[in-house]
1. One quarter of the convex hull surface, Cα atoms only: what value does that give for the stretch 95-153 in nm²?
2. Taking Rh as the Kirkwood radius, which is the inverse of the mean 1/r over Cα pairs, what is the Rg/Rh value for the stretch 390-480?
3. List the chymotrypsin sites (Phe, Trp or Tyr not before Pro) within the stretch 55-150 that DSSP assigns to loop and that have no more than 11 neighbouring Cβ atoms inside 10 Å.
4. Give me Rg/Rg_expected for the chain, where Rg uses Cα atoms only and Rg_expected = 2.2 N^0.38 Å with N residues.
5. Counting only DSSP beta bridges with both residues in the chain, what percent are antiparallel, rounded to the nearest 5?
6. Starting from the Cα of Thr249, move 7 Å in the Cα-to-Cβ direction to define the label point; list residues of the stretch 183-199 whose amide nitrogen is under 17 Å from there.
7. Going down the list Lys223/Lys555; Lys147/Lys223; Lys233/Lys542; Lys81/Lys414, which pairs span over 23 Å between their C-alpha atoms?
8. If you average 1/r over every pair of different alpha-carbon atoms in the stretch 469-535 and take one over that average, what Kirkwood value in Å do you get?
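Rule-based calculations on the coordinates, nothing more; no lab input. Since we're looking at a predicted model, the values are computed, not measured. Reconstructed Cβ throughout: ideal geometry from the backbone, glycine too, with neighbour counts over all protein chains shown.
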Amino acid sequence: MKNIKLIIVCIITACVTFTSCDDVLDTTALDAFGEDLVYNDPDQVERLVYSAYNSTESWGLNKTIWWSRRYNLEAGSFEAKFNFRDLDRLRLRGNGWNSLNMGDFGNKWRDYYQFIREINEFLDRIDNSGAMQENPDKVNSLKAEMKFLRANIYSKLIALHGGVPLLDKALGLNDEFNIPRNTYEECVDFIVAELNEVATVLPATRDAAEFGRATALAALAVKSRTLLYAASKLHDPSTEPSGPMYDYTKATKWQDAANAAKEVIDMVGDRDLIAVNSAEDYRKLFLEANQDILFARPFGEFYDFGLDVNSLPNQTQAPSGYGGWALSSPTHNFALEFNMADGTTTNDATYDPANPNDNREMRYYANLNYQGAIFRGRAVDYALDVNEVNDGLDSPRGLGNVLHSSKTGYNIRKFQDESVGLTDLSPSRPYILYRLAEIYLNYAEANAELGNDAIARTYLNRVSTRALQPEITSSGDALKEAIKRERRIELCFERHNFFDERRWMNPGNLGFDIKGLKWTKDAGGNLVHEEYTVINRPWFNKHYYLPIPQLEIDKAPALIQNDGY
């Protein structure tokens, strides 16, 4: 409610942007006339909806914390680690999370529920508003957008915490605030019902001027991911932790997940993904709007941080010698997941550990910066010279802030727009939230679990062969593992792996010795490297879920804390 009021006052006083108003306006000056003025005008109501889109994710994990405005969940996954000073920003080491300290996950619960409160306030008022009477078609579509955004928030909350309180109206002063958690299954049912409803109201697609706004395709994509997660091992009643806050008991769960993905597939005409011929072609898929993107955040006027360029990956993830901050360093463990060009793996004889960057699959070159990669006009060079004469520009004795030099010998290249400078803007570069390749992999995984191997292979290969890999022919458990590997590679650095490894209950990729490559130039100028342990990331079973923040339990004792906290 507070933020909605702020926006209303901003409209009345003709502020240029929403975000600047938070610091300068006195919220106590608001009166009922101001709110009525906004809710009587369909165009002003639309601007309230724009604000709610900041509930979706962006390049940063947590916009309320400086560091985590500039890196994301990759740093807490199998994919990467937080690089600067080896800081444990996500509190995955030591004793792990507790209800008072979740590292850079702090405030996520609070912020998500703030958006839910604002959306509920909107939904409580909109049906009887002057705007609805004036233009019901437009305002009903805006109402569907708000319901979509609320369902998307709940989908993220249950992925982090399990069952959460379902609030579908704004609470008044006389309402009961000591609200218990709904079960995980109740939450999934609510999300699915809301998404089914709005999918019948929202447009199937939008034109370029409205890129980034909700569509029926976006709603069905959220449903697909939600049901895939619910069907997974983590939520099976036979696994631990178990109980109403975690379990999904429906016997049809994998068929429901398959059907949800198929709805999206049918809506797009069951077509192939956009074809690419090179790593450069592949990289461009993440730099501009295209038909494979189902929902994304475009960088622009209503983006979380206005036009704060150093929240974008060009600077935050580029190697240190270019002036980058290299905040998330991909692990060598993850780099080994990339196949060879001929489809063999790094466990096969085709992989040469002495030349780890040779003959790898196309996405290795598209997604990673590595020793010798040509990036922004020169070769990336992490190597230290034993004579201390010709140290690499990206090494711990190189250019820039050397504390940002990669500890693992890798940096993220995916999302880098090399057509502009490190601190220049990329017009409307999207942060992709849902895309068609994910849906094909969702469908493949659900069908593999149902024993429909032929269907699973078809849609797995839609993704893998687009990446110039040979067709996968495996069946059974080997096929399931191939689908997992494909998700790790195709969806890397897009906030998937943090949740995938958890829902698959794969502790070996959750707690492990994080490996890196240490490069040196010997006395003859020859490059050599050694694999070493950068740091150990332990695993705690309690880390399948975040705790409920203690502050929230203190306010609402009916909230049940998650296991292990």
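1. 4.8 nm²
2. Values: Rg = 20.0 Å, Rh = 17.0 Å.
Computed over Cα atoms, the ratio is 1.18.
3. Here the chymotrypsin sites (Phe, Trp or Tyr not before Pro) that fit, given the DSSP loop and packing criteria, are Trp66.
4. Numbers: Rg = 23.9 Å, N = 565, 2.2 N^0.38 = 24.4 Å.
Relative to the 2.2 N^0.38 Å estimate, the chain comes out at 0.98.
5. Roughly 95 percent of the beta bridges in the chain run antiparallel, per DSSP.
6. Under cut-off, by backbone N: 183-190.
7. On the way: Lys223/Lys555 31 Å; Lys147/Lys223 13 Å; Lys233/Lys542 16 Å; Lys81/Lys414 16 Å.
Beyond 23 Å: Lys223/Lys555.
8. Computed over the stretch 469-535, the radius equals 15.0 Å.
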